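What follows is a set of notes on a single structure, which appears directly below.
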Amino acid sequence: FGEGTPMYSNMYIMQSTGGEYSIGGDNVDEAKAVVDAGSGECVIVGETASYGAGNTDMYIAHIAIDGSVLWQKTFGDDDYDFGEDIVSTDDGLLAIGFTKSFGAGYDDMFVVKTDFSGDSIWQRTYGGTENDKGNAIIDCSDDGFLLVGGTMSFGAGDWDGYVLRVNSEGDTIGDAINAAKPPIVPQLKISPCPFNSSCKISIPNMQRNSNTLRIFSITGELVADIPLHSGWQEIVWHPGNLPSGVYNVVAGEISAKVLYIR
């Protein structure tokens with residue numbers, strides 16, 4: 001239903017009383033979460049490609065009981081920005097998602113605080129040099145919040161759960177947050193290790209002095225030279241008929257070793 005269909009999506013609201021409404025423009029628009037605004041009204045959050053500054057923007061809209069839009073606001077810049085969850089506070093609204101327009105890495109957790117008219121009070125990003133996403137907010141009893149999502153910048157694996165404790169102004173709280181600062185030197189991640197047919201090499205989003213991924217044998221022989229683009233990416237390496245042994249994987253100034261067993 002709505003503008004832009006059937007090629008593009010619209011936000012869709014269905015009330016328990018039977019009302020059904022579509023909201024959006026002539027491009028892709030998606031709603032991800034809703035919060036009660038009282039008197040049968042609600043506030044939704046999602047993302048829109050119909051309005052705003054970039055490819056997609058975080059979208060927040062106050063919807064009347066008859067499905068009409070009382071106000072709508074977009075947040076983001078000229079890249080991709082997404083909204084995933086929203087809560088109501090004593091003095092406004094708090095929305096979470098992720099952004100490619102701002103922050104330290106490829107994606108960053110994106111949090112927007114607004115008043116009850118949708119006007120921005122503050123905006124924050126959280127994360128490191130790789131992908132970090134925000135999925136949910138929990139409103140705490142002391143005017144602070146838990147921000148919940150996923151991270152590739154910190155932790156033990158490709159993706160780890162990411163929980164931040166922040167105060168009412170969005171400042172991080174506690175030693176656990178301070179301990180989660182990104183390492184000074186980004187690392188290559190290779191899995192599995194050892195491997196017997198192929199391995200996945202994760203290259204962080206970083207400034208490199210080389211636009212190729214080079215793989216050397218233990219004797220220093222160059223066995224692979226793979227082009228790289230800017231930003232975070234993953235390469236799957238198939239050694240083929242190369243002999244078993246330790247190989248050195250190099251991207252610019254960072255490197256890691258991996259064991260190949262045929």
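The values are calculated or read from the model by the stated rules, or taken from the named source; none is laboratory data. Fair warning: this is a prediction, and the values are worked out from it, not measured in the lab. Heads up, the Cβs are rebuilt from the backbone with ideal geometry, glycines too, and the neighbour counts pull from every protein chain shown. Heads up: the accessible areas ignore ligands, DNA and RNA and are worked out on the full protein's heavy atoms, side chains in. Shrake-Rupley method; radii C 1.70, N 1.55, O 1.52, S 1.80 Å.
Computed from these coordinates, which is Cα extents along the principal axes in Å: (i) 93, 48, 34; (ii) 55, 45, 42; (iii) 73, 47, 31?
Computed from these coordinates, Cα extents along the principal axes in Å corresponds to label (iii).
Per residue of the stretch 20-26, what does 6.51 cos²θ - 1.76 cosθ + 1.60 with θ = phi - 60° give for ³J(HN,Hα)? Whole Hz please, x for Gly and Pro, Karplus curve as stated.
10, 9, 10, 9, x, x, 9
Please calculate how many Å² of accessible area the stretch 5-148 carries per residue, with a 1.4 Å probe and no DNA, RNA or ligand atoms counted.
For the stretch 5-148, the solvent-accessible area averages 43 Å² per residue.
Just to confirm a number: summing +1 for Lys and Arg and -1 for Asp and Glu over residues other than Gly97 whose beta-carbon lies under 9 angstrom from that of Gly97, what do you get?
Within the 9 Å Cβ shell, the charges total -2.
Apply the Karplus curve 6.51 cos²θ - 1.76 cosθ + 1.60, θ = phi - 60°, to the phi angles in the stretch 240-247 and return the couplings in whole Hz, x for Gly and Pro.
Going residue by residue, I get x, 8, 5, x, 4, x, 8, 10 Hz, with x marking Gly and Pro.
Computed over the Cα atoms of the stretch 6-53, what is the convex hull's projected area averaged over all directions, in nm²? Intermediate values should be presented prior to the final figure.
Working: hull surface 15.7 nm².
Dividing the Cα hull surface by four gives the mean projection, 3.9 nm².
Calculate the radius of gyration of the Cα atoms of the stretch 1-84 to one decimal place, then report Dmax, the largest Cα-Cα distance, as a whole number, both in Å.
Using the Cα atoms of the stretch 1-84, the pair Rg, Dmax is 12.3, 39 Å.
Which of the listed residues, Val250, Ser141, Trp232, is farthest toward the dipole's positive end in the chain, when Lys, Arg count +1 and Asp, Glu count -1 at the beta-carbon?
My answer, from the dipole projection, is Val250.
Just the number, please: carbon plus sulfur as a percent of the accessible area of the chain, 1.4 Å probe, no ligands or DNA/RNA counted.
Details: 6500 of 12890 Å².
About 50 percent, which is the carbon plus sulfur part of the accessible surface.
Each residue of the stretch 36-53 in turn: what ³J(HN,Hα) in whole Hz from Karplus with 6.51, -1.76, 1.60 and θ = phi - 60°, glycine and Pro shown as x?
Couplings: 5, 10, x, 6, x, 8, 8, 10, 10, 10, x, 9, 9, 10, 8, 10, x, 9 Hz.
Just order 147-156, 93-102 by mean Cβ neighbour count inside 10 Å, highest at the front, would you?
Peptide ranking by packing, descending: 93-102, 147-156.
Between Asn211 and Asp158, how many nm apart are label points set 7 Å from Cα along the C-beta direction?
Going from the Asn211 label point to the Asp158 one covers 2.6 nm.
Let a ≥ b ≥ c be the square roots of the eigenvalues of the Cα gyration tensor of the stretch 1-154; is it rounded (a/c under 1.5), or, if not, prolate (a/b larger than b/c) or oblate?
Since a/c reaches 1.5 but b/c is at least a/b, the shape of the stretch 1-154 is classed as oblate.
What does the helix-only formula give at 222 nm for the chain: each DSSP H stretch with n ≥ 4 adding -39500 (n - 2.57), the total divided by the residues, and the result rounded to the nearest 500 deg cm²/dmol?
0 deg cm²/dmol
By average Cβ neighbour count within 10 Å, what is the ranking of 72-79, 53-60, 37-44 from highest down?
Values: 72-79: 18.8, 53-60: 23.4, 37-44: 15.5.
The densest-packed peptide leads the list: 53-60, 72-79, 37-44.
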